[in-house]
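Structure, as structure tokens:
The values are calculated or read from the model by the stated rules, or taken from the named source; none is laboratory data. Since the model is a prediction, treat every value here as computed from it, not as a measurement. Glycine gets a Cβ as well: all are built from the backbone with ideal geometry, and neighbour counts include every protein chain shown.
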Amino acid sequence: MNQSQSFQAAAWRRLKKNKGAVFGLVIIMLATLIAIFAYFIAPDSSPYANRIIVEIDGKKPGFKQEFIKVKKDKDVASTGFFQQLLSGKEDVHYYIPITNHEEKTDSIIVQKYIDEGVSERQAYHKSQLHEKAITQLKFPIGTDKYGRDILSRIIVGTRVSLSVGLITVIISLSIGLILGSLAGYFRGRTDDIIMWFINVIWSIPTLLLVFAITLALGKGFWQVFIAVGLTMWVNVARLVRGQVLGVRELEYVEASKALGYSNFRIIVRHIWPNIMGPVMVIAASNFASAIVIEAGLSFLGIGVQPPQPSWGLMIKENYNFIITQNPMLALAPGFAIMLLVLAFNLLGNGLRDALNVRGRI
């Protein structure tokens, strides 16, 4: 036990010296905090950051606009802390863009913004308005073609990318560890059958397999997680099989067999803890790959469905702006994907060096 703890402490020291791995770890931790508290951080805290204001569509980064807040006709239920944490808080009023306003005794007269140089005079009784009727909102990264805040949708979209990575890693590790361990430990006919199955799955292009599973399960949030997870276990299984083949003949495994321990206990309690280093490295790699695959599926329209924000879906919705006046609408989610994938790859490389995978059996 002390030996295991000392190895972990030494690995952690080596990891901390790797600046790239530390940078990746910091980015991942920040992204995790952003994903958890997305609706408290995002300027648009409505569900899915889906506040549509079509009059201000396709605006450039740094755009500012004055709004008058008009109460909704229906009563909006109050939102508790945990409900807002999970799904956001519905707006209790409409945001109507204006160019100027004039206060009267019991009303406010505004020029409603319609388009550049086009406005319409409107009057609202103060009973229709929020207490602070006039407000100015800033859109640091601009607005999409529906007038939604790009920054808010990137923040909320962090949940999708991290969630698909986490679920994918859980599914791929579960299947890969079990099948790889069975193949490596029992060898013989069991190994032949499992390796045949792995080779069949390996021969199918990943994206094609994801398409097939997605079409079978249907489009949606959870379906894309399962589809990606079911395609990424092969790498884990092959790695685990090789590791188990290497350690099954070692003395501590032979001693466990001599003591009469069951095969299940030997694999789970004695073999798995000693092969977790390489598995953690490939898990980080799978996490990054899952983010890219999910973005690709959403871009093609068979991943996460609107209005739920996904970085890939945001690129799809705004990619035509790249060759027009506002490329940042599509580039911003692309940068977010690049940064998160880079963070996981840097962490994976750091883990490989820190755990000294090549030097271990």
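For the stretch 178-200, check the following and say yes or no: at least one residue is touching a Phe, Trp or Tyr at 6+ places or on another chain (Cβ under 6 Å) and part of a helix (DSSP H, G or I). So far as the stretch 178-200 goes, no, none of its residues is touching a Phe, Trp or Tyr at 6+ places or on another chain (Cβ under 6 Å) and part of a helix (DSSP H, G or I). Annotation: of all residues in the stretch 280-339 being assigned to a loop (DSSP other than H, G, I, E, B) and farther than 26 Å from GLY88 by Cα, the one that is modelled with the highest pLDDT is PRO327. Scanning the stretch 226-252 for residues that are more than 30 Å from VAL160 (Cα to Cα), aliphatic (A, V, I, L, M) and at pLDDT below 85 yields a total of 1. Quick one: in the stretch 192-222, of everything that is touching a residue at least 40 places away in the same chain (Cβ under 8 Å) and polar (S, T, N, Q), which residue is nearest to VAL164 (Cα to Cα)? Out of the qualifying residues, it is THR214.
Residue-wise test of (1) farther than 22 Å from LEU86 by Cβ; (2) under 22 Å from the mean Cα position of the chain (by Cα); (3) not hydrophobic (A, V, I, L, M, F, W, C).
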{"residue": "LEU162", "(1), (2), (3)": "no, yes, no"}
{"residue": "GLY165", "(1), (2), (3)": "no, yes, yes"}
{"residue": "THR168", "(1), (2), (3)": "no, yes, yes"}
{"residue": "ARG189", "(1), (2), (3)": "yes, no, yes"}
{"residue": "ILE193", "(1), (2), (3)": "yes, no, no"}
{"residue": "PHE211", "(1), (2), (3)": "yes, yes, no"}
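Given (1) in contact (Cβ under 8 Å) with a residue 24 or more places away in the chain; (2) under 26 Å from LEU239 (Cα atoms), identify the lone condition not met by MET276. Exception for MET276: condition (1).
Restricting attention to the stretch 242-262, the residues that are of a type in the set (S, T, N, Q) and either surrounded by 14 or more Cβ atoms within 10 Å (Cβ to Cβ) or under 30 Å from the mean Cα position of the chain (by Cα) (or both) total 2.
Within the stretch 197-214, is there a residue that is modelled with pLDDT of 85 or more and crowded, with 18+ Cβ neighbours inside 10 Å? Yes, because at least one residue in the stretch 197-214 is modelled with pLDDT of 85 or more and crowded, with 18+ Cβ neighbours inside 10 Å. Can you pull out every residue in the stretch 126-168 that is among the polar types (S, T, N, Q), out of contact with any strand residue (DSSP E or B) (no Cβ under 7 Å at 6 or more places or on another chain) and more than 30 Å from VAL279 (Cα to Cα)? Selection gives SER127, SER152.
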